[in-house]
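Peer 1: Right, I'll just put the structure down here and ask away after.
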Amino acid sequence: MTPPADGPQLFECETCGGIGIGDNHPECCSEPMTGTEIEETAVSEPSLETLLKTVFEMSGTELDVCLCVMEGGELTVAALAEQIGYDRSVVARHLNHLADLGVVEKRRRIRPAGGHVYVYTPQPPEVVRERLREEFLSWVRLATAQLDDLQREKVEAIADAETDERQWTVFQEQ
């Protein structure tokens, strides 16, 4: 899996080990970060479906809802539920999540006969792409922090050991 040469690149801070993703040389610790080379990896390239499920917590149903809004223009929950055959509560929940992600816009419309209804319209593709990219980068930052915490917890557990016996032997068992 090789990322495209013209896409965002991965950078690392030589001082603190922080990681950055960008199109130019980001800075960390008041110094430019160093570009990293991505070599052969055991990680397989994610499919779009896997990416959407993992990062954005989109189910197959939510992806269906998203695609229908993208193709259908302005829709209400009732109209979309009837069109795709899902329960209205399921469609409403997915539309609200898509609105939170910035993929669709949710607006309240006052009905001439009284009351109101929410209508959902798709964002332009370039807006969707940028919003998903921002959310993905946020997810990467959170995932990186989780990995840092894991390493820190392991080191702290070893350092807190009251005996001279190696505490990491459990990781070596076969």
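Peer 1: Given the condition of a type in the set (Asp, Glu), outside any helix (DSSP H, G or I) and either closer than 23 Å to Trp139 by Cα or touching a Leu at 6+ places or on another chain (Cβ under 8 Å) (or both), answer yes or no: does some residue in the stretch 69-91 qualify?
Peer 2: no
Peer 1: Mind telling me which of the residues Val117, Val103, Val128 ends up being over 30 Å from Leu10 (Cβ atoms), in the same structural domain as Glu57 (by TED's automatic domain parsing) and either in contact (Cβ under 8 Å) with a residue 60 or more places away in the chain or among the hydrophobic types (A, V, I, L, M, F, W, C) (or both)?
Peer 2: The match here is Val117.
Peer 1: Go through the residues of the stretch 124-134 one by one and say whether even a single one is at pLDDT 85 or above, buried (at least 16 other Cβ atoms within 10 Å of the Cβ) and not in a helix (DSSP H, G or I).
Peer 2: no
Peer 1: Looking at the structure I just gave you, is Leu98 touching a helix residue (DSSP H, G or I) at 6+ places or on another chain (Cβ under 8 Å) and either loosely packed, with under 10 Cβ neighbours inside 10 Å or within 19 Å of Phe136 (Cβ to Cβ) (or both)?
Peer 2: Yes, satisfied.
Peer 1: Do the conditions hold for Val65, that is, is it out of contact with any strand residue (DSSP E or B) (no Cβ under 8 Å at 6 or more places or on another chain), surrounded by 15 or more Cβ atoms within 10 Å (Cβ to Cβ) and modelled with pLDDT of 90 or more?
Peer 2: When the stated conditions are applied, Val65 does not pass them.
Peer 1: So which pairs qualify, if the first residue must be in the stretch 77-97 and of a type in the set (Lys, Arg), the second must be assigned to a helix (DSSP H, G or I), the Cβ gap must be under 6 Å, and the two must be at least 6 apart or on different chains?
Peer 2: From residues that are of a type in the set (Lys, Arg), the pairs are Arg88/Val77; Arg88/Ala81.
Peer 1: Go through Val55, Val69 for me and flag whichever is in the same structural domain as Leu132 (by TED's automatic domain parsing) and out of contact with any Asp or Glu (no Cβ under 9 Å at 6 or more places or on another chain).
Peer 2: Val69 is the lone residue from the list that is in the same structural domain as Leu132 (by TED's automatic domain parsing) and out of contact with any Asp or Glu (no Cβ under 9 Å at 6 or more places or on another chain).
Peer 1: Any residue at all in the stretch 23-42 that is among the small types (Gly, Ala, Ser), part of a loop (DSSP other than H, G, I, E, B) and at pLDDT below 85?
Peer 2: Yes, the conditions are met somewhere in the stretch 23-42.
Peer 1: Let me ask something additional. Working only within the stretch 9-26, note down all residues that are on the phi < 0 side of the Ramachandran plot and loosely packed, with under 12 Cβ neighbours inside 10 Å.
Peer 2: Thr15, Cys16, Asp23, Asn24
Peer 1: Can you report the number of residues in the stretch 9-25 which are without any contact (Cβ under 8 Å) to a residue 60 or more places away in the chain and under 21 Å from the mean Cα position of the chain (by Cα)?
Peer 2: Of the residues in the stretch 9-25, 8 are without any contact (Cβ under 8 Å) to a residue 60 or more places away in the chain and under 21 Å from the mean Cα position of the chain (by Cα).
Peer 1: Quick check on the stretch 64-88: of everything there that is acidic (Asp, Glu) and more than 25 Å from the chain's Cα centre (by Cα), which residue is nearest to Ile110 (Cα to Cα)?
Peer 2: Across the stretch 64-88, the extreme among qualifying residues is Glu74.
Peer 1: Looking at the stretch 30-59 only, could you name the residues that are small (Gly, Ala, Ser) and loosely packed, with under 10 Cβ neighbours inside 10 Å?
Peer 2: Residues satisfying the conditions are Ser30, Ala42, Ser44, Ser47.
The values are calculated or read from the model by the stated rules, or taken from the named source; none is laboratory data. Since the model is a prediction, treat every value here as computed from it, not as a measurement. Using ideal geometry, Cβ is built from the backbone for each residue, glycine included, and neighbour counts are taken over all protein chains shown.
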